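A.B. asks: Quick one: the structure is below, questions incoming.
The values are calculated or read from the model by the stated rules, or taken from the named source; none is laboratory data. Just so we're clear, the structure is a prediction, and the values are computed from it rather than from any experiment. In this analysis, Cβ positions are derived from the backbone assuming ideal geometry, glycine residues included, and neighbour counts consider all displayed protein chains. Please note that ligands, DNA and RNA were not included when accessible areas were found on the heavy atoms of the full protein model with its side chains. Shrake-Rupley method; radii C 1.70, N 1.55, O 1.52, S 1.80 Å.
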Amino acid sequence: NSSWELFDENDQSLGRGRSNLQNQNEQIFADLGLSVTIQQTDDAGDLADDTNGAIGQTIAYEDPRQQWLTPVPDNSNNLPDLQFYDLHFQATDGGEINSDLDPEQAYTNLGTGHFAPYTLMDWSLRDPFYATPAWLFPQSNVVQAQNPLEELNNVDIVFTSDKSKWSRCVVVETGNRYFTDEGFELDDGKANFEVVDRPSVGREDNDGDGRPDPDGTGVGFAWFPGYAIDVETGVRLNLFFGENSAFGDNSILGEDLLDVQNGSDMMFNPSDQTGNPPNQQTGFSVSNLILGGMHYMYVTRQPYDECEFINERLRQSLTFRRVDAVRLITWTGIALGSLDAPMLSYAEGLIPTETVVKLRADNPYAEALATDDNATFPSYEFEIAEASPRFVTTEAEVNEQLDMINVVPNPYHAYSRYESDRFDNVVKITNLPASCVVTIYSLDGQFIRQYNRDEVETRNSGVNPGVSSSQINPAIEWDLKNAAGIPIASGVYLIHIAADGLGERVIKWFGVNRQFDPTGL
């Protein structure tokens, strides 16, 4: 039942919504050249449409020439040396694992493919082997049940060579039983996803051996070269990484098969080596899949505490105690280096250029205690610089404005976000000039309906501040009825817009009207 209000930088109210967030509400501020449309959104994982609440994923390099982090997305069968193997994180072949959570793979194929939700990672203990950042143990579905997509957070992950901004974290073993079954030995006999027992390290390499120096604080802790921020609350988050000690100092692979022995050095330094060609006699095996040393990345929703809680829980012998930590993981990814932009040395800060990954998913408006500057309600700040409304003058500008006239949605499949309930049928003819005639015809030329539009700028000095300045509604709402008030049949229609002194535009529109044909057939 909440609404919204807009303030300027001096905290002066410019207007407020005329409806609560359950209904889409568009408010126009003509003096600012600004239109605000707000409506409650679905949640991630709601399966309301094919996006499943996924918004996007981007990666930005301060120096675009230094693209050092290679994505390893789902179905990665086009990586160098991996044409013969299909990395598959999420089961979608009718299996019982995850396929019903994100059937269109909106998240495992999200944006740049550097990260995906941890809860969608394939955790099944099956053969043949496969690569996954998930904790492989028989009851992994317990983690999934306690870590739904609805818990996804919107985060910025910043990779930087500035060591003062690095995050202290645990390092987990990413080797698993597929490796031990093939004769590899994992350091200290560790199992998959256990915190390693190698000495904790600091942020410096004072002895010049290319590795971080031990800091004398115990075992299992290192430094992630960057930090993560929840962009909705501003809270810094725990994040950590893993490495596969099967590719470390004691690896049974020789130098001819392993470019860099980086699986047990307690630093985030993924190589660019994806794998090795398969043996002609034995075929493709786990030893052929290197993936940069399997430096898997994990982002959580837990406020930053240098991973103390995660370390304590992952070291427990009881499974349900370890689940307490794993269920906090929201996003994960496989870090793979790039031959074209190698990472720096540890002394230099590892990261060649500051890099920001942004992960976004739907999250409904709700009360949440963050800064408490708005009584626990969400608040947002934005700036529109060097922009203001103006009159078009040239023929090219006029034609450009006519081209912007549109009908949304098009096609219309018996539903639009402009509707408040299932009895409504609403489409909008948008970006219209203040004065025009809009005529709707059937495809064979039969007259359906006409709107004689003549919007007049008004200034309302009444009690509603939302219309306290000149306001012209840029759209017409059509309820899919003809001039006699009868619902139109489903089909193709022509919408003709004639604007005096400007010109004409014709739009072809297709719609399914459920009031005329409730079955939608």
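A.B. asks: Every residue in the range 268-313 that is surrounded by 22 or more Cβ atoms within 10 Å (Cβ to Cβ) and in contact with a helix residue (DSSP H, G or I) (Cβ under 6 Å, 6 or more places away or on another chain), please.
C.D. replies: Answer for the range 268-313, where residues must be surrounded by 22 or more Cβ atoms within 10 Å (Cβ to Cβ) and in contact with a helix residue (DSSP H, G or I) (Cβ under 6 Å, 6 or more places away or on another chain): 270, 271, 293, 310.
A.B. asks: Quick one: in the range 239-267, of everything that is in contact (Cβ under 8 Å) with a residue 60 or more places away in the chain and among the polar types (S, T, N, Q), which residue is surrounded by the fewest Cβ atoms within 10 Å (Cβ to Cβ)?
C.D. replies: Looking at the filtered set, the residue picked out is 250.
A.B. asks: Can you name the residue in the range 111-124 that is in contact with a strand residue (DSSP E or B) (Cβ under 6 Å, 6 or more places away or on another chain) and surrounded by fewer than 24 Cβ atoms within 10 Å (Cβ to Cβ) and, of all such residues, is nearest to residue 59 (Cα to Cα)?
C.D. replies: This residue is 112.
A.B. asks: Kindly check whether there is at least one residue in the range 463-483 that is at pLDDT below 80, among the β-branched types (Val, Ile, Thr), in a loop (DSSP other than H, G, I, E, B) and over 34 Å from the mean Cα position of the chain (by Cα). Walk me through how you get there before you give the answer.
C.D. replies: Of the range 463-483, the ones at pLDDT below 80 are 463-473.
Next cut, among the β-branched types (Val, Ile, Thr) only: 463, 467, 472.
Now drop any that are not in a loop (DSSP other than H, G, I, E, B), which leaves 463, 472.
Add one more test, that the residue is over 34 Å from the mean Cα position of the chain (by Cα), and what stays is 463, 472.
Yes: the range 463-483 contains one or more residues that are at pLDDT below 80, among the β-branched types (Val, Ile, Thr), in a loop (DSSP other than H, G, I, E, B) and over 34 Å from the mean Cα position of the chain (by Cα).
A.B. asks: Answer yes or no as to whether residue 356 is in a helix (DSSP H, G or I) and β-branched (Val, Ile, Thr).
C.D. replies: no
A.B. asks: Provide a single number: the residues in the range 391-422 that are among the hydrophobic types (A, V, I, L, M, F, W, C), in a loop (DSSP other than H, G, I, E, B) and free of Cβ contacts under 8 Å to residues at least 40 places away in the same chain.
C.D. replies: Adding up the residues that qualify gives 2.
A.B. asks: Scan the range 346-369 residue by residue and report those that are open to solvent by less than 50 Å² (accessible area, probe 1.4 Å) and not acidic (Asp, Glu).
C.D. replies: Across the range 346-369, the qualifying residues are 346, 349, 350, 351, 352, 353, 355, 356, 357, 359, 361, 364.
A.B. asks: On to the next question. Do you know which of the residues in the range 219-248 that are assigned to a loop (DSSP other than H, G, I, E, B) and in contact with a Gly (Cβ under 8 Å, 6 or more places away or on another chain) is nearest to residue 343 (Cα to Cα)?
C.D. replies: Kept after step one, since they are assigned to a loop (DSSP other than H, G, I, E, B), are these residues of the range 219-248: 220, 225, 231-235, 244, 248.
Filter once more, keeping what is in contact with a Gly (Cβ under 8 Å, 6 or more places away or on another chain): 225, 244, 248.
Details: 225: 11, 244: 19, 248: 18 Å.
Restricting to residues being assigned to a loop (DSSP other than H, G, I, E, B) and in contact with a Gly (Cβ under 8 Å, 6 or more places away or on another chain), the top hit is 225.
A.B. asks: Scan the range 130-153 for residues that are farther than 17 Å from residue 57 by Cα, hydrophobic (A, V, I, L, M, F, W, C) and crowded, with 17+ Cβ neighbours inside 10 Å and report the count.
C.D. replies: 6
A.B. asks: Going through the range 156-174 one residue at a time, which ones are of a type in the set (Ser, Thr, Tyr) and under 21 Å from residue 311 (Cα atoms)? Full working, then the answer.
C.D. replies: Residues of the range 156-174 that are of a type in the set (Ser, Thr, Tyr), as a first pass: 160-161, 164, 167, 174.
Correct list: 167, 174.
A.B. asks: Restricting attention to the range 154-177, which residues are hydroxyl-bearing (Ser, Thr, Tyr), farther than 27 Å from residue 189 by Cα and buried (at least 24 other Cβ atoms within 10 Å of the Cβ)?
C.D. replies: Across the range 154-177, there are no qualifying residues.
A.B. asks: So, in the range 57-72, how many residues would count as being modelled with pLDDT under 95 and open to solvent by less than 20 Å² (accessible area, probe 1.4 Å)?
C.D. replies: 1
A.B. asks: Please state which one of 188, 205, 127, 215 is open to solvent by 10 Å² or more (accessible area, probe 1.4 Å), part of a loop (DSSP other than H, G, I, E, B) and free of Cβ contacts under 8 Å to residues at least 24 places away in the same chain.
C.D. replies: Every option except 127 fails the conditions.
A.B. asks: So which residues in the range 333-345 are of a type in the set (A, V, I, L, M, F, W, C) and surrounded by 15 or more Cβ atoms within 10 Å (Cβ to Cβ), if there are any at all?
C.D. replies: Taking the range 333-345 as the starting set, the residues that turn out to be of a type in the set (A, V, I, L, M, F, W, C) are 334-336, 339, 341, 343-344.
Correct list: 334, 335, 336, 341, 343, 344.
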